[in-house]
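Engineer: Below: one structure in structure tokens.
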Amino acid sequence: MRDGIRAAWPICLGYVPIGLAFGVLAQKAGLTPLAVGVMSALVFAGSSQFIAVAMLGAGAGTASIVATTFAVNLRHLLMSSALSVFLGGVRKRWLALFAYGVTDESFALNLARFREEGWDWRRALTVNHVTNAVWVTSTAAGALGGALIPAHAFGIDYALMGMFLCLLVYQLRERIHVLTALIAGAAAVAMSLMIPGNSYIVAASVLAATAGLFIRRRWPAPASSTTGAGTGRR
Amino acid sequence: MISTDYLLLCLGMGLVTYVPRWVPLFALSQRSLPRWLEEWLDLIPAAILSALILPALLTSGEPRQLTLWNNDLIVAIPVFLFALRTRSLGGTVIVGMALYWLAGKVLG
């Protein structure tokens, strides 16, 4: 438990300003703090919640908001797939509870930790649910009185970017990972400029990982470095 | 109070968000995967992180446009180097926040 809570702090730090900002926005769109908390607890996906509130404000219908949410959050399919490698032998009901907390942030953090000694699904589950609690609380707090708190204090807006940058460094284990990241980044930037929405995340990631797989098969790593796949398992 | 319509909206959003998070865990974790799929999944995290980070640093606005000079990007370079050198998650977060705060003061 304690390891999970300790590991989760960068995410929590990053969620507070975003949660407060979301709460303020939702409150301006006419949602009560309770309504904001209910949405955060049931959905737990920041960017899609921002979009939903904007669509609500514009008078969009339930079906179109739900469909948009599905499209925006489909990227978690890939993240859960990558996490599943580390969750063999975990009971179905725990997996069901774990799935609820798979976000961009918890995915990246847990995946990096799973490669270290002494990290297991219980700690990962703690990360998922501690960060969820912070998200629900800070969004509801934002709707209550977030406007009173100064925005952009102490560079806190950069907490999640800082965390993602370090987690990316953790993933650059071999040359093929660096190459895959470069392809994904270039493809994502190009696609994001051409198509609205965030489908570029899934498209660029699938493209880059597939290209990386072909490159690894075509030009295997020199004998000095390990073959990547096996290192994925504990 | 919360209306039934609003509750239904949240339940619908929750369901379509939850299912893609749950299906791979349920379907993939209990079996051994073919080697190519395992290798492919091994590359996915680096790809996703890069696909999340780079557009956030290099583009802004709606519709998005390329912005090659902004505080997010300028700060990211030393922060990335710091992470490469120290491999410290907590340190990187703190240094990132400090530099971003500083950049806001100095560069505006």
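Read the figures in this text as sums done on the coordinates, not as results from a lab. Quick caveat: nothing in here was measured; it's all calculated off a predicted structure. Positions of Cβ are generated from backbone atoms using ideal geometry, with glycine treated the same way; all protein chains shown enter the neighbour counts.
Engineer: Using the Cα atoms of the protein assembly as shown, I'd like the radius of gyration and the largest Cα-Cα distance, Dmax, both in angstrom.
Structural biologist: Computed over the Cα atoms of the protein assembly as shown, radius of gyration and Dmax are 19.5, 65 Å.
Engineer: Now for a different question. I'd like the GluC sites (Glu not before Pro) in the stretch A:49-131 restricted to DSSP loop residues with at most 11 other Cβ atoms within 10 Å, sorted by number. Don't jump to the answer; show the numbers that get you there.
Structural biologist: Numbers: sites: A:E105, A:E116, A:E117; in loops: A:E116, A:E117.
In loop regions of the stretch A:49-131 (DSSP not H, G, I, E or B), the sparsely surrounded GluC sites (Glu not before Pro) are A:E116, A:E117.
Engineer: Suppose only helical runs count, i.e. DSSP H with n ≥ 4. What mean residue ellipticity at 222 nm does that imply for chain A under -39500 (n - 2.57) per run, divided by all residues and rounded to the nearest 500 deg cm²/dmol? Present the calculation step by step, with values, prior to reporting the outcome.
Structural biologist: Values: 12 runs with 168 residues, N = 234.
It comes out at -23000 deg cm²/dmol, rounded to the nearest 500.
Engineer: If the chain between A:F154 and A:T32 were fully stretched, how many nm would it gain, using 0.36 nm times the residue separation less the Cα-Cα distance?
Structural biologist: On the way: separation 122, 0.36 × 122 = 43.92 nm, distance 2.84 nm.
Once the chain is fully extended between A:F154 and A:T32, it gains 41.1 nm.
Engineer: Let me ask something additional. Report the relative contact order of the stretch B:39-97, percent, no decimals, based on alpha-carbon pairs under 8 angstrom and at least 6 residues apart.
Structural biologist: Working: 22 pairs, mean separation 11.8, N = 59.
Taking the mean separation of contacting Cα pairs over the length of the stretch B:39-97, I get 20 percent.
Engineer: Still on this structure: Between B:N70 and B:R35, what's the calculated FRET efficiency when r is the beta-carbon distance and R0 is 30 Å? Round to 0.05. Don't jump to the answer; show the numbers that get you there.
Structural biologist: Working: r = 42 Å, r/R0 = 1.40.
FRET efficiency, B:N70 to B:R35: 0.10.
Engineer: Just checking the output field for A:93-99: average partner chain Cβ neighbours within 10 Å of each residue's Cβ?
Structural biologist: Working: counts 0, 1, 6, 5, 1, 4, 10.
The shielding value for this peptide is 4.
Engineer: I'd like the distance between the alpha-carbon centres of the stretch A:62-136 and the stretch A:157-210, rounded to an integer number of Å.
Structural biologist: When both Cα centres are located, 18 Å separates them.
Engineer: I've got another one for you. Using a 10 Å cut-off around each Cβ, can you sort A:S80, A:S205, B:S32 from fewest to most neighbouring Cβ atoms?
Structural biologist: B:S32, A:S80, A:S205
Engineer: Could you go through the stretch A:49-59 in sequence order and give the Karplus-derived ³J(HN,Hα) for each residue, using 6.51 cos²θ - 1.76 cosθ + 1.60 with θ = phi - 60°, rounded to whole Hz, and x for Gly and Pro?
Structural biologist: Computed from phi, the couplings for the stretch A:49-59 are 5, 4, 5, 4, 5, 4, 5, 4, x, 8, x Hz.
Engineer: How shielded is A:200-208 by partner chains, expressed as the average number of their Cβ atoms within 10 Å of its Cβ atoms? Before the final figure, lay out the partial values.
Structural biologist: Details: counts 3, 5, 2, 1, 7, 10, 5, 2, 7.
The mean count of partner-chain Cβ atoms within 10 Å per residue comes to 5.
Engineer: On a 0 to 90° scale, report how tilted helix A:104-114 is relative to the longest principal axis of chain A, with both axes built from alpha carbons and the result rounded to the nearest 10.
Structural biologist: Computed tilt is about 40 degrees.
Engineer: Which three extents, in whole angstrom, do the alpha-carbon atoms of the stretch A:60-121 cover along their principal axes, largest first?
Structural biologist: Computed over the Cα atoms, the extents are 48, 23, 14 Å.
Engineer: A further question on this structure: Please list, by residue number, everything in the stretch B:70-107 whose backbone N is under 20 Å from a paramagnetic label point 7 Å out along Cα→Cβ of B:S60.
Structural biologist: B:70-80, B:96-107
Engineer: Let me ask something additional. When the convex hull of the Cα atoms of chain B is projected onto a plane and the area is averaged over all directions, what value comes out in nm²?
Structural biologist: 12.4 nm²
Engineer: Using modelled amide H (1.01 Å from N, peptide plane; none on Pro or chain starts), what sits under 5 Å from the amide H of B:T59, excluding residues fewer than 5 places away?
Structural biologist: B:T67
Engineer: Would you mind checking the stretch B:36-72 for residues with the amide N under 16 Å from a putative spin-label position 7 Å along Cα→C-beta of A:L193?
Structural biologist: In the stretch B:36-72, the label zone of A:L193 (backbone N under 16 Å from the point 7 Å along Cα→Cβ) covers B:54-70.
Engineer: How many Cβ atoms of partner chains, on average, are near each residue of A:6-15 if near means within 10 Å of its Cβ? Display every interim value, and only then the final one.
Structural biologist: Working: counts 1, 2, 0, 3, 6, 1, 0, 4, 2, 0.
Average per residue, whole number: 2.
Engineer: Moving to a separate point now. Counting every Cα pair in the stretch A:2-170, what percent are over 30 Å apart?
Structural biologist: Details: 2546 of 14196 pairs.
Tail of the P(r) past 30 Å holds 18 percent of the pairs.
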